[in-house]
Amino acid sequence: MVDSTPVSADGQSDYSAVETADYLLRPSDVVTITVFREPDLSVQNTPVGADGMLSLPLIGSIKVDGLTARQLEQDIRSRLKPSLTDPKVSVNVMQFGSHVVTVEGAVEKPGMYAFKPGTRLSGAMSLAAGPSRVAKLKEIAVFRQTSSGMAVAKFDYAAVRAGTMMDPVLEPSDRVVVGTSGLSVFWQDLLKTLPAFALFTNL
């Protein structure tokens, strides 16, 4: 059985391997909004701005960052009611443009990769064609920007694959660094000093 339960003793209380049920819109996501029988009020493949705003016909600019598709549907519907009788609105996320992970270090194909919500660390490794022959699987770090600043967690990838350590769900702009003797002295020293378990700590 795969271990996906956070261990409070290892600082995992606020970190989950469970996918979020409702996706929240973010800047760079691309949406299609359909107002049924009102093509002039509908928009196709429109990106959310860097400020989290979206410009819609008749309504103007509205804040969509942090809303689910259903919440946005309800918001648009309420804004259209003064002009339309019982408007029916559908919101579909066409591209998760905000979801990019950087994978570097001892992987076959380092780079930046787009990923779908719910993708895990193991998925990021697959996108980068897996670890290289010289990879130190016990020294994989995930860097993440949080409200408290930059945080980092160390994972034992062999344990992740064996199901004895959580396979964390990625967040947009995560950075995965896979350890190897070929990394810079900074990365080598940092990976060695991180906790032995998946413990997020602010840098």
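The values are calculated or read from the model by the stated rules, or taken from the named source; none is laboratory data. These numbers were taken from a predicted model, which means no experiment stands behind them. Cβ coordinates were reconstructed from backbone atoms using ideal geometry, including for glycine residues, and neighbour counts include every protein chain displayed. Quick note on the areas: whole protein, heavy atoms, side chains included, nothing else; ligands and nucleic acids left out. Shrake-Rupley method; radii C 1.70, N 1.55, O 1.52, S 1.80 Å.
The rows are residues; the columns are (1) among the hydroxyl-bearing types (Ser, Thr, Tyr); (2) modelled with pLDDT under 95; (3) farther than 24 Å from Ser83 by Cβ.
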residue: Pro27; (1), (2), (3): no, yes, yes
residue: Val31; (1), (2), (3): no, no, no
residue: Thr34; (1), (2), (3): yes, no, no
residue: Arg37; (1), (2), (3): no, yes, no
residue: Ser42; (1), (2), (3): yes, no, no
residue: Ala50; (1), (2), (3): no, yes, yes
Before we move on, is Ser98 buried (at least 19 other Cβ atoms within 10 Å of the Cβ) and polar (S, T, N, Q)? yes
Please work out which residue is modelled with the lowest pLDDT, limiting yourself to segment 105-116 and to residues that are touching a Phe, Trp or Tyr at 6+ places or on another chain (Cβ under 9 Å) and open to solvent by 40 Å² or more (accessible area, probe 1.4 Å). Lys116
Scanning segment 118-137 for residues that are in contact with an Asp or Glu (Cβ under 8 Å, 6 or more places away or on another chain) and farther than 15 Å from Asp167 by Cβ, the one most open to solvent (accessible area, probe 1.4 Å) turns out to be Ala129
If Ser148 passes every condition in (1) closer than 15 Å to Val107 by Cα; (2) touching a residue at least 24 places away in the same chain (Cβ under 8 Å); (3) of a type in the set (Ser, Thr, Tyr) but one, which one does it miss? (1)
Do the conditions hold for Met165, that is, is it part of a loop (DSSP other than H, G, I, E, B) and of a type outside the set (Phe, Trp, Tyr)? yes
For segment 46-60, state whether one or more residues are farther than 24 Å from Ser173 by Cα and open to solvent by 70 Å² or more (accessible area, probe 1.4 Å). yes
Residue, farthest from Val169 (Cα to Cα), within segment 104-156, restricted to residues that are among the aromatic types (Phe, Trp, Tyr) and not in a loop (DSSP other than H, G, I, E, B): Tyr113
